[in-house]
Structure formats: C-alpha cells, structure tokens
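What follows is a short report on a single structure.
Readers should treat all values here as calculations from the given coordinates under stated rules, not as data from a laboratory. Keep in mind that what you see is a predicted model, and the values were worked out from it rather than measured. Please note: Cβ atoms are built from the backbone with ideal geometry, for glycine as well, and neighbour counts cover all protein chains shown.
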Amino acid sequence: MRVASEHIVLPADSSWGFLHQQHEEYPFKWHCHREYELTLTLNARGRRYVDDDIGTFDELDLVLLGPNLPHSWSMERRVDTGRPISTYVLWFTPEWVSRLAEGFVEYADPPSRARFPLMLEILDLLCAGEPQRLASATYGGRLAPTRKQRKLEQVLGFIHEHYTRPVTAEETARRFGMSQSTFFRFFRRHMKQSFSDYLTALRIGRACSLLLESDEHVYVIAEKAGYANVSHFYRQFRQEKRMSPADFRRRFEPTGEDPSATRLRTPSFATSLTDRTH
C-alpha cells in the first residue's frame, strides 16, 4: 500500500487546523503530511500504526505525531455499539512549533508554563473589548510567505513524489535552479538535516510499510522503496532500525491477540518529534 501524501490547508485566520468527524466505520488510510497532528479518538478499539510502530488503543486515545510520519488507525470495533466513533484532529506546522519553542521560554519551566495560558486569556479579553488605535494603520507592513518558504514546499513535494526512484540531489537542485552546493546549504538550513538523511528516512519508512503489508521478497521491497542496490538497502536498513528487514518483519508480525486484553502501548514520540521533524 502506497503512503498517500496529504496536503493540509490551514484556515487563513488560524495558526492551526481542526477537524471533528463521526464514523460508523473508520477506513484504514496509510498517509503522511508535513504538519504535526494531535488526534483524539473516542469509542473505538483497534490498532494504531505509526511509521514502524504498531500499538493497540482503547476507547480514549490521544496521540501526538511529528511531521511526515506515515500513520493510520485500524478500528476493530466500537466500545459502545449505540454510539459512533468520534475523532478530533488538530494540525499545526513545524514552523509554528519552532516559533513557539524559540519565542516562549515559559515552555522550559513547568510553573511558568502553567501561567502562560493566563496571559493569553488576558490578551483574549483585550481583543474582545472596544479597540483604540494607538498608531497609524499605514505603519509597517504585513509579512507574506517568503520565496524560500514557497521553494521549500515545492522541493519537498518533488522529493515525496519521486523518492521511490533514484532521485538525486543534483537532479533536484537543477530542477529548482540551484547549484548542488547551494541546494545542500538550502536544504540543511531549512530542514536541519541533510538531503541524503531525509531521503533515507523516507525510503526506509516506505520499506517498513511494505514489509508489514505484504509478503513480497526483500529485494522487491528494496526496489519499490527506491533502492537500485539491495546491499545498500540492507546496510541503510540496519543503520536506521538496528535489525535486518527479515527480523523487522518477524518482530511486527500480527499476533492475533485481542486488543482489548492488551495494555495500550504509545509510540515513542520523543523519537517522532526529534528524529522525524522536517
């Protein structure tokens, strides 16, 4: 099953997006997107798939996902058959998270962090009152998305569309009018990692999905994940996962156990939010 790359459009008047849905049945959709996602799932039991992690969940499941992590929920049954499954989803961008971490030192200290929402509540009360202009409306200017931000979106879109073939930094740089050295600096400055590391993470993630979802031979999976050389695939897989593809497949084989009888296992979000932040 191919990982679907979703393009999420946030409201123009908000720094985050929100979606509430109710379902009688919940379709399995293996997908990813560049935004962080906070998901609350109610009245369902089943399995949660996040990259190479498979965990069970119960009637109240709250999960925070980092950017570009393939994920999906497999609903096996409703807890209360008389009520629908409810999902509440919030999305926010990596740029917003970075600005939050850099701009608010309160998040490094628990007491300060607890006071921070009170300050926001005061600001909200001010916004609800009668405004009084203290400076000219023509002073200053509004910031539009920069050309570099738009180019980064295009670069990432191209990589996600073509990473399952032998796409190179040279090809990508040429496509977007940059020299290879300029492209390397551009990518590392904005993504905080090298082009090759980013490409490897995408390909190994794709390989993990195929190992879990099919019985195909490893060399076929390597080719579908963008590797022309199987030995190179084995080396990179071991470096990323600390095990062979065959061991990975055996480790995550379905056990057939009842999810309701298994303790909830939450994915390692420390890894999700640092190693996979793009």
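A Cβ-based charge dipole, computed about the Cα centre of the range 4-95 with Lys and Arg at +1 and Asp and Glu at -1, lands at about 220 debye. Annotation: amide H-H contacts under 5 Å for G46 (H modelled 1.01 Å from N, sequence separation of 5 or more, or interchain): F57, E76.
Candidate cross-link partners of K151 among the lysines, defined by an alpha-carbon separation under 19 Å and a same-chain spacing of 8 or more, comprise K192. Binning the C-alpha pair distances of the range 4-95 at 10 Å intervals from 0 yields a P(r) profile of 17, 49, 28, 6, 0 %, listed from the shortest bin outward. Stokes-Einstein, applied to the Kirkwood radius of the range 147-251 over Cα pairs at a viscosity of 0.890 mPa s and 25 °C, places its translational diffusion at 168 µm² s⁻¹.
Each of V220, V97 was scored by other Cβ atoms within 10 Å of its Cβ. Arranged with the fewest first, they read V220, V97.
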